[in-house]
Structure formats: C-alpha cells, structure tokens
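The numbers here are math on the coordinates, done by the rules we state, and not lab data. Just so we're clear, the structure is a prediction, and the values are computed from it rather than from any experiment. Here the Cβ positions follow ideal geometry from the backbone for every residue, glycine too, while neighbour counts run over all protein chains shown.
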Amino acid sequence: MKSAFRLLAAAAVSLAAATVQAADFKPAVVYDMGGKFDKSFNEGVYNGVKRFTEETGIEVTEFEVTNEAQRQRAMERLIQRGATVLLGVGFGQADAITAVAEANPDVQFGIIDVFWLDQPNLRQYSFKEHEGSYLVGVAAAMKSESGTVGFVGGMDVPLIRKFACGYVQGVKSVSADIQVLQNMTGTTPSAWNDPVKGGELAQSQIDRGADVVYHAAGGTGIGVIQTTADAGKLAIGVDANQNYLAPGKVLTSMVKRVDVAAYQHFADAHKGMFSAGVVQLGLAEGGVDWAVDEYNRDLVSGEIEAAVAAAKEAIISGAITVHNYEEDQSCPF
Amino acid sequence: MSSVPPLPRWADVGLLPIINLVIALLVSGLVVLAVGENPLRAIDIMLQGAFLYEGSLGYTLYYTTNFIFTGLAVSVAFHALLFNIGGEGQAYIGGLGAGLVCLALDAVLPGLVLIPLAIVAAAAFGAGWALAPAWLQAYRGSHVVITTIMFNFIAAGVMVSLLAGPLIKPGQSSPTSRRFSENAQIPDMQEILGAVGIEIARSPLNLSFVLAIAACVFVWLLIWHTRFGYAVRTLGHSPQAAAYAGIRIPRTIIAAMAVSGGLAGLMAVNEVLGVQHRLLLNFTAGYGFTGIAVSLMGRNHPIGIVLASLLFGALYQGGSELDLEFQTITRDMLLVIQGLIILFSGALAYMLNPPLARLIASLAHRPREAPA
C-alpha cells in the first residue's frame, strides 16, 4: 500500500512539474463484460481512470463490451476516432489487443491481468493475487472459531482458481486441520454478477460450519458479504476495499490495485514515459494487499495483524513462496 | 358486433411488424431523451453506425449471420410447436464439434476437406445436444422448454471444464484453445472480394453468410416442400390430427429438434471457423436467445427471419456506435432499447392486432365513392 502511495505521490509531483504534453494525447479504455460499475474489478479501473481525469483534466473515452466480436471493433473504432493511448481490461481482451497493437504501432497499449503477450507497443499488468489471497487466508484461519472457512469464486477460470489456491495455502499455513470449503458460482460470465446465487453459496458454506467466507466473484460477492453479515459470520472482500459494505462484518479485503495500474498507464503515457513489457504487481510493489481501516479495526486483533505482517514480510523477502496456479494449472493444496 | 375481423395477410406480415417497430423506437426515443440526448441524432448515428461507417455493414451482416442460424433453429422447432430455448447451448456444443475437428486435423487435411468436415461436425454436435431433450419430450413428456434451458448450463459447464483444462493453450491463462492453422479458417469477405479486385474494409463478415442464406433455402424447402415438413406442420397445428393421420409423433419431434439443434450448431461455424479461429468461452454471447425474438418477429418464415436478423444485426452494430458516440448512453441503455424492440415486436406482437384489423375492415367496407 505504502509503495503504491509513494508511486502516486511521485506521479502527482512530476505531473505538476511537467508542462502539458502534445495536444493529440487521447486516452481510451475498453472495459470487460462485467461493466464499469461492478463494485469490483472493472470499477477499480474506472476509479483509476477517474483519478487521472481529475488530476489532468483530460477526458478518457470509455467503452463496455457485450460480446467477443466487439472487443476488436471497439479498439479499432476508438483508434480511428483518434485515441493514442488505449487500455484493455481483463484477459479476454488479449487476442484483440494483439491484433490491434500490431496494426497500430504508433498507439500505446496497455492490458490488465495479462502477462504472456509480446508486442513492442504493449504494456501488460499482471497482479500476484495469490500473494494477497495468502494474507487473507492467514487472517481467516486465525479468526475462525469453527475450524472451517469458505471461498466463493465467480466464474470458474484459471485466474479465480489462483485466488483460491493462494487462500488455501494461507489458511493451511496457520493450521493444516482447518477445512476450506470452495464453490464457484458458475461457468458463464453471468457468474460475475449473480448476488443471489453468491448469497446461497455462502449460506450453504455457513450451514456446513464456515464462519469466514472469502469471495473472488465481482458483483456476485455483494450477495456473499450480505448473507454472511446477516448470519452473523464474517466475509472477506476482494479487488476494491469492501470493508465498508458491512461495517464490522467484513474481516478484511484482498485489495488488488487495478486502479493503480490504470492510473499508471495513462499517467506514464501522458508524461511520455510509456514503456512496453510486463509490470508485475505483487505485495512488494503494493499491487495487492490486505485492508485494515476504521470499519474492521475491531475485528483484527493485534495477534492477527502481527501474523499477517510477518507473512507479508516473508513473502516479500522470499522466505515464503506462494504457489501460483497459473504457472502449472494446478493447486497442490 | 364485438368480434374482431381477421387481419389481412399483407397487414399481418408487413404492416404490423413495422408499426410495432415504430412504437418501440418512439419509446426508446423517450428513454434517450430522458438521459438528455437528442433521439433524432441517436437514430442517425445508429443507422450510420450500422450501415455507412467504414466496415460497419460487414459487422452488421456478421451479426445477421448469427441471428439467421439461431432464428431458423427456433422456427423449425416452433413449426412442430416445440419451444427450443436451447439454441445457446446447441451452438456452444456445435462450436466444440467444429473446434475439435480443426484442432485434431488442421495439420493434415487441406481446407477444402477440413472446413466441410468441421461444418458437418458443428451441425452434428448441435443436433446431438438437442437429442436428449427431444427424446425426453417425445417419450417421457418432460417439457422441452425446461430441459433445453438446463442443457444450456450443462453446455457452459462442459466448455469451461474443457477450455480451462485439456484444451487450454499452454503458457497463458485465458481459457481459449490454440489458434487453428490457416487452412481451417473460412475466408473473410474482404479476402474474397479483394481477390476479384473489389476493396472493402476489414470486418468479421465471412463466407458463413452464404451458408446462412443456403440454410434459409433449405428450411423453406424442408418445411413447405417435403413430407417431413408437412408432418412437422401438421403436428404443430394439431397433435391429435397428426396422430389420426398416422404421423409418428415422437419420431417427428425428435427429427424436428435435431434439425433445430443442427441449425443452431451452424451458428458456431460463423463464430469459430469464420471469426475467432479458435475455441473460446462465451462466443455464443446470447445469440441463441436473441434467435427466439428473431424467429417470433420473422413469423417463423425464412424471409421474415432474414429481415428480422438484419434488424437485430443493425441494432447490435449501430448500438455499439451509439455507445462510442455518447458517453451518456451505456450498454445498459442499449439493452433497454433492444429489450423494448423485443417486447413490442415479440411479446406484444399482437397487441395492436384487433384495432388494426377493425381499422382495415372499416376502410375496406367504405362506400365506393370515397376513394382510398
């Protein structure tokens, strides 16, 4: 978190110092299927975009896709309309952005949640969600009294299994006896936006003894948080800091700073500091973290805070390696 | 006195859909007005975005291709009074069939053999996916609406477990297969027209469009010019009469559903072989469901379905241009507009039937000296 703010402060200072760039700087962003107000992943990007607009006064053209063919079309049309910097949100844009980046070498591209492409005018932001999930796993395991904790994922894709795997590893690091119940909401994109089903899955996990439930399910997670709060149990939020959604009922949130990535992409391009390559955002870079604020202060004991801080140190120093599901498409836990 | 005179056929198939469309557009215009934009400008952008901008006609026809396949699929089942809500899943599994053929054989077979084989596989897998609900309907009376919806979810589950598992392209984590080689790709329209010297803008429109038109002719011949089609329509009009006439109902149900599923499966030809050139999640994107509205609006006739598909294609493509042009009009607004059109043309299609019929009847019965 600190380093993210340091980065932001530095960016703000240099922005103030830099004179306004060439007049033809036109940023654009293509959101993923979830839509920009999903209170989670896309909304994080939206917040970063909004901050960039507030600081520079430059409008960012936005588009939300609804089907596969639209991705490439939207990018091409945005570029035809003069976009010089383009950000794609989510791994679903990977193939479209490759094709468009190849055809438009002068446009500066960025994409979030992708690390495997190779284009000279494309920057890829990849988050180490497994590291952040490990931390909230530690917190969940220490807070749990029943010895059972839960995980509710959104759509069953490798990225979400990566969250689950890091979480399980964190839980098991506290005690191998703690049981982790896992459910995915569905297999279609509607799984990202189904709070009713999210609530049902959380309820069934609570009925089976879970007293802390972590969700990585976008808009579906709203239902998870609500149901656990109503049942007097604890939820763990994801992507954005969701502690405020049910004060005193959300143990913590695994924050994934997509807003930092979105802001950084446009700010760097604006300052003429665009560079291609892969930007890895993990615990060390402030890209993922756990959130403690006034809404969950009373839930997090000193003991838990110390344990999570120790785990964080160990991950950053390399003493603990959190397994990354995406590397071998399997979870050993 | 209160009985409603029958609506003339020309008014039923021509006038009524146009009136419904105009009402839908008027109500949509109010919605656009409510968010503070000019509805006339919105309509203008939408039309230009659907037909005139560079490459936009290609996109419109590409969407049209999808809707023709799924619309035909719904219509064939509907002629037998079966509501096939499973076009989405049948297209999904059809894509799996085409994809498996390409992934297995694209290194060894030339395109002229491989592509027809993949098309047959798409139809066969789509038909196969419709068979279980069809059999349950024909022999066990399980309602086909329920079972086909359920099979959509099963199809989605099958695709996710395959694409996140054995079929995923190594070295990345987006659940898609590897790309097919060149010979498995159906040529784009710009390539074909470019070869004969006509330059058009890049778009996903490909030869599948021709296949869609051929499918229309096939359905027309099948439903109105074969014994099977006669059996299907008889069953649709009156199951008792069909049974009395000696038509084997279970067999007809299964065959109609198989044809329906096969047509839905062909939608994947456009998406998987024509555009994406790989297997990926969610390429069906709701086209299967929109096919229901297309079929209803097209009065279950191939010509009507082509026109309705063109309308929905233009809505999809022009709508995304609206989203680009106005930052206040989001995709949720577009969904509202599309929903209104489906509501007025599909669900409320016959709302204006009685008043329109009375109006036409009163005009027709006017004395001669008042020329129309």
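Name the residue from B:Gly55, A:Gly154, B:Phe151 whose Cα lies farthest towards the positive end of the charge dipole of the protein assembly as shown, charges +1 on Cβ of Lys and Arg and -1 on Cβ of Asp and Glu.
Checked the options; the winner is B:Phe151.
Below 22 Å, Cα to Cα, which lysines can A:Lys39 reach? Residues fewer than 8 away in the same chain don't count.
Straight-line reach from A:Lys39, under 22 Å: A:Lys50, A:Lys128, A:Lys162, A:Lys197, A:Lys233, A:Lys249, A:Lys256.
Determine the distance separating the Cα centre of segment B:218-242 from the Cα centre of segment A:160-227; give it in Å without decimals.
50 Å
Using only atoms on other chains, find how many Cβ atoms lie within 10 Å of each Cβ of peptide B:316-329 and report the average.
Details: counts 4, 3, 0, 2, 10, 3, 0, 8, 10, 2, 0, 5, 0, 0.
Mean partner-chain Cβ count within 10 Å for B:316-329: 3.
Sum -39500 (n - 2.57) across every DSSP H segment of at least 4 residues in chain A, then divide by the residue count to get the 222 nm mean residue ellipticity, nearest 500.
Using -39500 (n - 2.57) per qualifying helix, the result is -13500 deg cm²/dmol.
In segment B:171-213, how does Rg compare with the Kirkwood Rh, expressed as the Rg/Rh ratio over alpha carbon atoms?
1.11
Take peptides A:151-157, A:200-206 and line them up by average Cβ neighbours within 10 Å, highest first, as a rough protection proxy.
A:151-157, A:200-206
Could you pull out every Cys in the protein assembly as shown that lacks a partner Cys with its beta carbon under 4.7 Å away?
Those would be B:Cys102, B:Cys216, since no other cysteine Cβ in the protein assembly as shown comes under 4.7 Å of theirs.
Using the Cα gyration tensor of segment B:1-146, with a ≥ b ≥ c the square roots of its eigenvalues, what is the shape: rounded (a/c below 1.5), prolate (a/b larger than b/c) or oblate (neither)?
Judged from the Cα gyration tensor, segment B:1-146 comes out oblate (a/c at least 1.5, b/c at or above a/b).
Can you tell me the order of A:45-53, B:199-207 when each peptide is scored by its average per-residue count of other Cβ atoms within 10 angstrom, highest first?
My ranking of the peptides, most packed first, is A:45-53, B:199-207.
What's the Cα-based Rg to Rh of the protein assembly as shown, Rh via Kirkwood? Walk me through the numbers before you get to the answer.
Values: Rg = 27.7 Å, Rh = 27.4 Å.
Over the Cα atoms of the protein assembly as shown, Rg/Rh equals 1.01.
Anyone know which of A:Asp239, A:Asp95, A:Asp113 comes out most mobile in the 10 Å Cα GNM of chain A?
In the Gaussian network model the winner is A:Asp95.
Mind jotting down a quarter of the surface of the convex hull over the alpha carbons of segment B:238-372, in square nanometres, one decimal?
Averaging across all directions leaves 14.7 nm² for the Cα convex hull.
Could you work out the local net charge near B:Ser75, counting Lys and Arg as +1, Asp and Glu as -1, over the other residues with Cβ closer than 15 Å to its Cβ?
+2
Could you list B:Met351, A:Met254 so that the one with the fewest beta carbons within 10 Å of its beta carbon is first and the one with the most is last?
Fewest to most other Cβ atoms nearby, the residues stand as B:Met351, A:Met254.
What does the average come to when, for each residue of peptide A:74-81, you count the partner chain Cβ atoms lying within 10 Å of its Cβ? Working shown, then result.
On the way: counts 4, 0, 4, 10, 1, 0, 4, 2.
If you average over the peptide's residues, the count of other-chain Cβ atoms is 3.
Can you give the average number of partner chain beta-carbon atoms within 10 Å of each beta-carbon in peptide A:58-70, as a whole number?
Details: counts 0, 1, 1, 2, 4, 6, 6, 4, 10, 11, 10, 15, 8.
Average neighbour count from other chains, rounded to a whole number: 6.
Name the shape class, rounded, prolate or oblate, that the alpha-carbon gyration tensor gives for chain B, where a ≥ b ≥ c are the square roots of its eigenvalues, rounded holds for a/c under 1.5, and otherwise prolate holds if a/b is larger than b/c and oblate otherwise.
Here chain B falls in the oblate category.
Please report A:Glu54, A:Glu305, B:Glu88, A:Glu68 as a ranked list, fewest other C-beta atoms within 10 angstrom at the top and most at the bottom.
A:Glu54, A:Glu305, A:Glu68, B:Glu88
Where both partners of a DSSP beta bridge lie in chain A, what percent of those bridges are antiparallel, to the nearest 5?
Beta bridges within chain A, antiparallel portion: roughly 5 percent.
About its Cα centre, what dipole magnitude does segment B:68-313 give when the only charges are +1 on Lys and Arg Cβ and -1 on Asp and Glu Cβ, stated in debye to the nearest 20?
Value, rounded to 20: 640 debye.
Sorting B:Met150, A:Met142, A:Met75, A:Met273 on the 10 Å Cβ count, fewest up front, what's the list?
Numbers: B:Met150 16, A:Met142 21, A:Met75 27, A:Met273 12.
So the ranking, lowest neighbour count to highest, is A:Met273, B:Met150, A:Met142, A:Met75.
Which whole-number percentage describes the relative contact order of chain A, with Cα contacts under 8 Å and a sequence gap of 6 or more?
On the way: 719 pairs, mean separation 66.9, N = 333.
Worked out over chain A, it gives 20 percent.
Which Cα, out of A:Ala229, B:Ala132, B:Ala245, lies furthest along the positive dipole direction of the protein assembly as shown (beta carbon charges, K/R +1, D/E -1)?
B:Ala245
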